[in-house]
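The values are calculated or read from the model by the stated rules, or taken from the named source; none is laboratory data. On a predicted model such as this, the values are computed, not experimentally measured, just so you know. Cβ placement follows ideal geometry from the backbone for every residue including glycine, while neighbour counts extend to all protein chains displayed.
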Amino acid sequence: MTKKPMGLYIHIPFCNKKCDYCDFVSYSMDTLAQQDYLGALFAEIDMVKKDFFDETFDTIYIGGGTPSVVYEGFIASLVRKLFSSFHIARDYEFTIEVNPASFSEEKFFEYVEAGVNRISVGVQSINPGLLKVHGRNQSLSDVDKTFKILSNARFRNVSADVMIGLPKQSKKDIVDTVNYLIKQNVQHLSVYNLQIEKGTVTENKIRKQELKPVYEKKALKQYNEVYNLLRDNGYSRYELSNFARPAFKSRHNSKYWDNTEFLGLGVSAYSYVGNYRYYNTKRLDTYIEKINEGKLPRFEKQYISIKERRTERIMLSLRTVEGLDLEAFKQEFNEDLLQSKKHEINVMIKEGMVEIVDNFLRVTEKHFYITNSIIVELM
Ligand code: SF4
């Protein structure tokens, strides 16, 4: 069997300012720190490239942090290094995340000339007042300007991130944001329900009762609102949090869901290769120190046992609209799920929660949002 092309992820750990709800690894911007980081990334690429000599990569994803905050020329130089170090397929998908507050026409042309063909805009909400409550610096004019740059250049492969479940977020705010993005002709939307992460400012404010958390029932209503709006406007849900117009699904993200191998570079990135996960250090200073010592900046190598792989396969596949390929599952895990979980599956079919279509086990549309509880039944 021919090996599937891999994905390549590069983490840019810089942001203008930390948003209150965020627990991603990100640091304030500073050109010197960015230059050091770029140098370290080059060194990491040089250390790993020989191990991937025989591999082809057909998706590249530069994420963060905020990749658009780094100085002009950073991304172009990084991309040249990637293309000269790895074998990149001709029909690659190449995404970069941008934040409206730090995006510009100059940066857009730098990315496109370097080979970027997909842009993911971190919009979250078009209500600046709400964003301010959550410590996110972004004005509506920044968002307008971003979409103007993209539409003037007739750049079509655009995705946007939207958040729901934010304390103080109204239904109107969500509907206005999604309608705005539909009007901007965005082809792909990722809709994330806020997870309250430990140690964040948001968690602290909730603990001190300065903010009220949004409970599951309300978040489900918000999600269904978004789902209906997008469905009525030609977007299909292909994964629990992801919606796309035909031909605009994210090929890179699909690799995470279908168990394809990927290489992650940079601070806090991780890779999945040969049933192992390799985690890079989360600290920028340790990352640079290790690299300067000529060592890989990894802090953990974790073997993914067959039991864990089975669990992940069920979890990730059932989050997709396509569902779980029962034949492929049988081949890989030597288990006929329709037999081993006969009772549970039959009950769920009777209750209309799951269905079997062309030998794929799927969560029905009506029950998609409770996918997690369905997954638990099959563990
Ligand atoms: S811009 Fe994104 S990565 Fe940076 S702090 Fe805000 S949510 Fe986190």
Can you pull out every residue in the range 338-378 that is in a loop (DSSP other than H, G, I, E, B) and touching a helix residue (DSSP H, G or I) at 6+ places or on another chain (Cβ under 6 Å)?
353, 359, 378
Just wondering, is there one or more residues in the range 30-38 that are away from the ligand (no atom under 14 Å from the Cβ), more than 25 Å from residue 122 (Cα to Cα) and surrounded by 15 or more Cβ atoms within 10 Å (Cβ to Cβ)?
yes
Looking at residue 174 and the list (1) within 24 Å of residue 95 (Cα to Cα); (2) touching a residue at least 24 places away in the same chain (Cβ under 8 Å), which single condition is not satisfied?
(1)
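What tally of residues in the range 292-332 results from selecting those that are within 20 Å of residue 276 (Cβ to Cβ) and not basic (Lys, Arg)?
Quick first cut of the range 292-332, residues within 20 Å of residue 276 (Cβ to Cβ) only: 295-313, 315-316, 332.
Okay, now just the ones that are also not basic (Lys, Arg), so 296-297, 299-300, 302-306, 308, 311-312, 315-316, 332.
Summing the residues that are within 20 Å of residue 276 (Cβ to Cβ) and not basic (Lys, Arg) in the range 292-332 gives 15.
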Return yes when residue 216 is of a type in the set (Asp, Glu) and either at pLDDT 95 or above or surrounded by 20 or more Cβ atoms within 10 Å (Cβ to Cβ) (or both) and no when it is not.
no
Candidates 89, 153, 76 - the one that is touching a strand residue (DSSP E or B) at 6+ places or on another chain (Cβ under 9 Å) and surrounded by fewer than 21 Cβ atoms within 10 Å (Cβ to Cβ)
89
Which residue out of 112, 98, 143 is free of Cβ contacts under 8 Å to residues at least 60 places away in the same chain, surrounded by fewer than 19 Cβ atoms within 10 Å (Cβ to Cβ) and among the β-branched types (Val, Ile, Thr)?
112
Would you pick out the residues in the range 84-131 that are more than 16 Å from the ligand (Cβ to nearest atom) and either of a type in the set (Lys, Arg) or outside the structural domain of residue 62 (by TED's automatic domain parsing) (or both)?
90, 118
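Is it the case that residue 335 is part of a loop (DSSP other than H, G, I, E, B), in contact with a helix residue (DSSP H, G or I) (Cβ under 9 Å, 6 or more places away or on another chain) and modelled with pLDDT of 90 or more? First the steps, then the outcome.
Details: part of a loop (DSSP other than H, G, I, E, B): yes; in contact with a helix residue (DSSP H, G or I) (Cβ under 9 Å, 6 or more places away or on another chain): yes; modelled with pLDDT of 90 or more: yes.
Yes; evaluated as a whole, the condition is true for this residue.
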So residue 254 passes all but one of these: (1) part of a loop (DSSP other than H, G, I, E, B); (2) buried (at least 17 other Cβ atoms within 10 Å of the Cβ); (3) of a type in the set (Gly, Ala, Ser). Which condition number does it fail?
(1)
Could you say which residue among 276, 287, 303 is within 21 Å of the chain's Cα centre (by Cα) and either over 30 Å from residue 14 (Cβ atoms) or at pLDDT 95 or above (or both)?
276
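Restricting to the range 40-74, count the residues that are more than 16 Å from the ligand (Cβ to nearest atom) and touching a residue at least 40 places away in the same chain (Cβ under 8 Å). Step through it out loud before you land on a result.
Step one: of the range 40-74, the residues more than 16 Å from the ligand (Cβ to nearest atom) are 40-60, 71-74.
Then drop every residue that is not touching a residue at least 40 places away in the same chain (Cβ under 8 Å), which leaves 40-41, 43-45, 47-48, 52, 55-60, 71, 74.
Within the range 40-74, residues that are more than 16 Å from the ligand (Cβ to nearest atom) and touching a residue at least 40 places away in the same chain (Cβ under 8 Å) number 16.
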